[in-house]
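Asker: Here it is, the structure in full.
Readers should treat all values here as calculations from the given coordinates under stated rules, not as data from a laboratory. Because the structure is a prediction, the values reported are computed rather than measured. Here the Cβ positions follow ideal geometry from the backbone for every residue, glycine too, while neighbour counts run over all protein chains shown.
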Amino acid sequence: MSFDPFDFKNAAAINEDSEFFPLMSSEDEEEMNNEQVPDILPILPLRNTVLFPGVVIPITVGRDKSIKLIRDANKGKRLIGVVAQQDVSIEDPGFEQLHRVGTVALIIKMLQMPDGNTTVILQGKKRFILKEEVQSEPYLKASVEPFVEIKPKEDKEFKAMVSSVKDMAMNIIQLSPNIPSEAGIAIRNIESTSFLINFISSNMNADMAAKQALLETKSLRDRINLVLEHLTLDLQMLELKNQIQTKVRVDLDKQQRDYFLNQQLKTIQEELGGNTPDLEIENLKKRAKSKKWSKEIATHFNKEMEKLARTNPAAADYSVQINYLELLLDLPWNEFTKDNFDLKRAQKVLDKDHFGLDKVKQRIIEYLAVLKLKHDMKAPILCLVGPPGVGKTSLGKSIAKALGRKYVRMALGGLRDEAEIRGHRKTYIGAMPGRIIQSIKKAGAANPVFILDEVDKVSTDFRGDPSSALLEVLDPEQNSTFYDNYVEMDFDLSNVMFIATANSLSSIQPALLDRMEIIEVNGYTIEEKVEIAKRHLVPKQREAHGLANKDVTLKNDVIEKVIEDYTRESGVRSLEKKIGSVVRGVAKNIAMEEPYNPVVSKKDVLKILGAPIFDKDLYENNDIAGVVTGLAWTSVGGDILFIEASLSPGNGKLTLTGSLGDVMKESVTIALAYLRAHAGDFNIHPKLFEQWDVHVHVPAGATPKDGPSAGVTMLTALVSAFTQRKVKPNLAMTGEITLRGRVLPVGGIKEKILAAKRANIKEIILCRSNQKDIEEIKEDYIKDLQFHYVTDMGDVIKLALLDEKVSNPLDLTIKETPVKQVLN
């Protein structure tokens, strides 16, 4: 460590501006001595500094009292009293905690620093003695009296002492590499003896007590003697240090120098409580003895340890190697948590955390049953597919709790870099293992429940294809030897229970999809949502807003109103937000001590949430020919949509609007072609197709729509428009059609059925092949719905259109020939 007898940082900083640091002459000293000391001065306590007359120093002011004092003094004569406090640990010293001798200071400048602190440039004027305290608030004021300095005769001995002080100071500056040479010039040009001693006293390497003693010494000769003692000791220390450094520099060659530095580093690390290289290696070897890894891994670890022992601790590769070996030790090689095979307890845990989802729960119990019997079953790769908010991710936590396993989650949304899965090679700067290995390390066990969230959101760019990298992870036949580029060893992932989640299967790579067992997590019925709200959402929101059970209660009919009027989703995420809004409204009443009813009513919901967002009555009326209600699947669950078909005089032109995708456009083309080919079956004259333009529209026009599910709805709308027969009220349908008029099955049936229930639909037409999907829904949830299963379009038209006689099918004329005559 370096030894600085002088601390010229403050002096050098001030010396850059001659306005703040003039070198004091004898005339200046005489003028300063003739200045009168005020009888009462505001007193500024200093914690670690002693100010000498004539010396300019910057002071950082942080205490509120001190800032107030400086600002008030700066408005007047700018004179204050500066006194060092006896105990530096006291934050707000009183009059008794101050030294008796201080210095009158002139405020030269006050600066506001960028960090918010206030810095004051002070110049010492004359010393004074504290007498009595005048005031303590808002800051300390005291009465003072001048401090009388005894000046000796300037004989030969005195001049020799002053000369010795200058010479010693110059020698110290020359021997100290950290002291700027400008300090020597400043000392050489000082004319005033008193200022010279004050200047050196202020900047020399002495503690605060020694400097205060110098300030309190009346005789200038005695002060010179004290300064000489300090300088002599400092000069001897510097000379001894330089002699040692010269001797060591001559004796040591490069090898000895490296050894010396390493020994110094070792000593410093031991003093700081750190690990030396030898101790680090011993700790790694000690940890390796307790690992349960195979012979191959042990051999690889020992080889890497030998490589570490040959590496210079000062080299950059040393820390890289240390991090690599620590990762090998942190990974849970063949370390497993014990599974809980109490299947009844597991069923209770799953039922408690999630209402419904019977198919998923059944699959988990089946997995546990097989694992209980066989003990070494490779973990399956489950993929939970469903709209947002149905509990796919939280289901993973429940599975981990039921199994008694560790739980880790990895979000794949927006993942683009393949190295995030496989890791980086160690040769790269900043290399890291992949997130799979990092998550296993975090879990601390080789058999956690591992959630791969949003697997359908994985992206691909120039940095690689992460979905392809997942192929090895999610293949039960391959993941027993998963290779991470950073680890450079195969890691067994076959005991990890991977559970992937996705909103849609369309964007998942087919090869990746083939490796997973797909389990659909469909939306909830209104009855299920009410139960979920009662069991989970309302208690959760009460706790989140600091309310007790007695403070707010939501009955079933109120929860059902929130579901029907303010949410339209398959999951319960929006429902939770709306319940949170209701609870916050109650919390506001409690906080403001306003009268309220703890049992929330429908009127209270209307007052808090405002007017209903969704109107289910909007979907009940199909009293216009050509308008049919269809069922659609969206990313947030099921929904209903209208297909509108209208005719206008023309030459058979087909117009499509409503932001339709290619598949829906093809459905309209197929439906119209089938209708032309089978016009006689529906009592439609062929000439109508040549003399009328057809316009098909699907509201809302700004929302893109696509998919094959609207085929039967398109054909029904066209038949209704051409025959002017209305569609039955409260009827909806879904299904794909062929050019031969066959009705094909479609997906997302449960979500579509839930949407139909929300819209007060009573009858639903489906393909017969979709009957199995209806049987998977609890009968209690669909008891108010009537299902019609069909195989061809003729059955659809018979079921969908009213049998009423149309007296005037089209109240229009074509080429002066009534349409009625054409139909007849």
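Asker: Take Arg768 and Ala611, extend 7 Å from each Cα along the Cα→Cβ direction, and tell me the distance between the two endpoints in nm.
Answerer: Label-label distance for Arg768 and Ala611, simple model: 4.8 nm.
Asker: Let me ask another. Going through the range 289-333, which trypsin sites (Lys or Arg not before Pro) have at most 11 other Cβ atoms within 10 Å and a DSSP loop state?
Answerer: Qualifying residues, ordered by number: Lys292.
Asker: Using 0.36 nm per residue, how much length does the chain from Ser468 to Arg221 gain when fully extended, once their Cα-Cα distance is taken away?
Answerer: Roughly 80.2 nm would be gained on extension.
Asker: Using modelled backbone amide H atoms (1.01 Å from N, in-plane), which distant-in-sequence or interchain residues come within less than 5 Å of Ile381's amide H?
Answerer: Counting only residues 5 or more places away or on other chains, the set is Glu517.
Asker: Could you give the nm distance between label points at Lys348 and Lys588, where each point is 7 Å from its Cα heading toward the beta carbon?
Answerer: 4.2
Asker: Something else about it: Arranged from highest to lowest average of other beta-carbon atoms within 10 Å per residue, in what order do the peptides 69-75, 339-345 appear?
Answerer: 69-75, 339-345
Asker: What distance in nm lies between label points placed 7 Å from Cα along the C-beta direction at Gln97 and Asn48?
Answerer: Taking the simple label geometry, Gln97 and Asn48 are separated by 1.7 nm.
Asker: Given 0.36 nm per residue, what is the gain on full extension from Thr232 to Leu744 after removing their alpha carbon distance, in nm?
Answerer: Value of the extension gain: 173.8 nm.
Asker: What FRET efficiency do you get for Arg287 and Glu779 if R0 is 60 Å and r is their Cβ-Cβ distance, rounded to the nearest 0.05?
Answerer: 0.50
Asker: Using 0.36 nm times the number of residues separating Leu79 and His545, minus their current alpha carbon distance, what extension gain do you get?
Answerer: Computed gain between Leu79 and His545 is 162.0 nm.
Asker: Would you mind calculating the relative contact order of the range 526-609 from Cα pairs under 8 angstrom and at least 6 residues apart, reporting the percent as a whole number?
Answerer: About 37 percent, as a whole number.
Asker: Over 23 Å between Cα atoms: which of Lys705/Lys728; Lys392/Lys778; Lys372/Lys442 fall into that group?
Answerer: Lys705/Lys728; Lys372/Lys442
Asker: Please report the relative contact order for the chain, taking Cα pairs under 8 Å with a sequence separation of at least 6, and give it as a percent rounded to a whole number.
Answerer: Relative CO of the chain lands at 7 percent.
Asker: Here's another thing I want to ask about it. Of the trypsin sites (Lys or Arg not before Pro) in the range 99-149, which ones lie in a loop per DSSP and count no more than 16 other C-beta atoms within 10 Å?
Answerer: Arg100
Asker: Separate question: Please list, ordered by chain and number, the residues whose modelled amide H lies under 5 Å from the amide H of Val521; skip anything fewer than 5 residues away on the same chain.
Answerer: Long-range HN contacts for Val521: Val385, Gly386.
Asker: Going by a ≥ b ≥ c, the root eigenvalues of the Cα gyration tensor, does the range 733-810 fall in the rounded group (a/c under 1.5), the prolate group (a/b larger than b/c) or the oblate group?
Answerer: Since a/c reaches 1.5 but b/c is at least a/b, the shape of the range 733-810 is classed as oblate.
Asker: Student exercise: in the range 450-570, how many lysine pairs 8 or more apart or on different chains have Cα atoms under 15 Å apart?
Answerer: Lysine pairs, 8 or more places apart or on different chains, close enough: 7.
Asker: In what order do Ser89, Ser507 fall by count of nearby beta-carbon atoms within 10 Å, going from fewest to most?
Answerer: The order, fewest Cβ neighbours first, is Ser89, Ser507.
Asker: Shifting gears a bit: How would you order 234-243, 148-157, 355-364 from highest to lowest mean count of nearby Cβ atoms within 10 Å?
Answerer: 355-364, 234-243, 148-157
Asker: Specify whether the C-alpha gyration tensor of the chain places it in the rounded, prolate or oblate class, a ≥ b ≥ c being the square roots of the eigenvalues: rounded for a/c under 1.5, otherwise prolate if a/b is larger than b/c and oblate if not.
Answerer: Prolate, since a/c reaches 1.5 and a/b exceeds b/c.
Asker: Quick one: which residues, 5 or more positions from Val627 or on another chain, have an amide H under 5 Å from its amide H? H modelled 1.01 Å from N in the peptide plane, none for Pro or chain starts.
Answerer: Distant-sequence amide H within range of Val627: Ala645, Val727.
Asker: Sticking with this one: In the range 460-565, which GluC sites (Glu not before Pro) are in a loop and have at most 16 other Cβ atoms within 10 Å, using DSSP for the loop call?
Answerer: Loop-located and lightly packed - Glu477, Glu488.
Asker: With both partners inside the range 619-813, how many of the DSSP beta bridges are antiparallel, as a percent to the nearest 5?
Answerer: The answer is about 55 percent antiparallel.
Asker: Counting Lys +1, Arg +1, Asp -1, Glu -1, what net charge surrounds Ile670 among other residues with beta carbon under 14 Å of its beta carbon?
Answerer: It works out to a net charge of 0.
Asker: Hey, which aspartates and glutamates would be in cross-link range of Lys588, C-alpha to C-alpha under 20 Å, not counting anything within fewer than 8 residues on its own chain?
Answerer: Glu543, Asp551, Glu576, Asp604
Asker: Another question, then. Among the aspartates and glutamates, which fall within straight-line cross-link reach of Lys77, defined as a Cα-Cα distance under 15 Å, with same-chain neighbours fewer than 8 residues apart omitted?
Answerer: Answer for Lys77, where 15 Å is the Cα cut-off: Glu35, Asp39, listed by chain and number.
Asker: With Cβ to Cβ distances under 13 Å as the rule, what net charge do the other residues near Lys285 carry (K, R +1; D, E -1)?
Answerer: Local charge sum for Lys285: -2.
Asker: What is the range 476-520 by shape, rounded, prolate or oblate, if you read a ≥ b ≥ c off the alpha carbon gyration tensor as root eigenvalues and call it rounded for a/c under 1.5, prolate for a/b larger than b/c, and oblate otherwise?
Answerer: prolate
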